[in-house]
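The structure appears below as structure tokens.
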Amino acid sequence: MNTFFTYLFWPNPGSVGYASPKALALLIFCIVLIVAAPVLSAWRGRQSNPRMKRLSRSWPAASFWFGLTGLLLVVARVESIQFLAMRFLWVLWAAVAVLFVFLQVRLFRARFYQELPINRSDDPRAAYLPKRKRRS
């Protein structure tokens with residue numbers, strides 16, 4: 001158990017190159033998150049449903065900041081910057097990302113709905129039914 005915590009909290013783990021498949025995959029993922037921020041913002045601007053606009057308000061900013069912090073963590077790991085290269089920071093980053101997605105899904109399920117149009121049909125019997133009394 002002690003070796004697990006040492007592995008997780010070691011302030012300066014071994015250096016990894018930019019050519020490493022893990023570092024390259026994380027770099028690409030973080031860059032995709034950063035590029036997705038303006039795309040999400042443009043998509044949100046084209047939405048006609050006000051509830052959808054309101055619920056997706058934080059998505060572009062969250063995408064940008066998760067991408068930027070992930071990019072910082074990858075560069076810190078590759079460049080061997082002490083304490084920013086800790087593996088625990090990636091665990092923390094992933095936990096916050098999972099929590100954010102979980103909360104967004106819960107909010108979306110609870111608050112997103114569409115109003116169905118009301119079909120009013122003309123009843124032919126309405127002319128023969130008694131009218132409501134009007135108050136004076």
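Side notes on the structure shown:
- Sites Phe88 and Ala42, calculated FRET efficiency, Cβ-Cβ separation with R0 35 Å, nearest 0.05: 0.50
- Applying 1/(1 + (r/R0)^6) with R0 = 25 Å to the Cβ-Cβ distance of Arg111 and Phe29 gives a FRET efficiency near 0.30.
- Where Rh is the Kirkwood radius over Cα pairs, Rg/Rh for the chain: 1.38
- For the stretch 52-95, the set of trypsin sites (Lys or Arg not before Pro) satisfying both a DSSP loop assignment and a count of at most 14 other C-beta atoms within 10 Å is given as Arg57.
- Solvent exposure of the chain, expressed per residue, is 81 Å² of accessible area, with all protein chains present and a 1.4 angstrom probe.
- Using the Cβ-Cβ distance between Ser121 and Met52 with R0 set to 35 Å, the FRET efficiency from 1/(1 + (r/R0)^6) comes to roughly 0.70.
- Ratio Rg/Rh, restricted to the stretch 1-44 and using Cα atoms, in which Rh is the Kirkwood radius: 1.24
- Listed residue (Leu55, Trp90, Leu71) projecting farthest to the positive dipole end of the stretch 55-136, Cβ model: Leu55
- Helix 59-78 axis versus longest C-alpha principal axis of the chain: approximately 10°, rounded to the nearest ten.
- The chain - mean residue ellipticity at 222 nm from DSSP helices (-39,500 (n - 2.57) per run, n ≥ 4, rounded to 500): -20500 deg cm²/dmol
The values are calculated or read from the model by the stated rules, or taken from the named source; none is laboratory data. The structure displayed is predicted, hence computed values, not measured ones. Quick reminder, even Gly has a Cβ in these numbers, built from the backbone with ideal geometry, and neighbours come from all protein chains shown. To get the accessible areas, we keep the full protein, side chains included, count just its heavy atoms, and leave off ligands, DNA and RNA. Shrake-Rupley method; radii C 1.70, N 1.55, O 1.52, S 1.80 Å.
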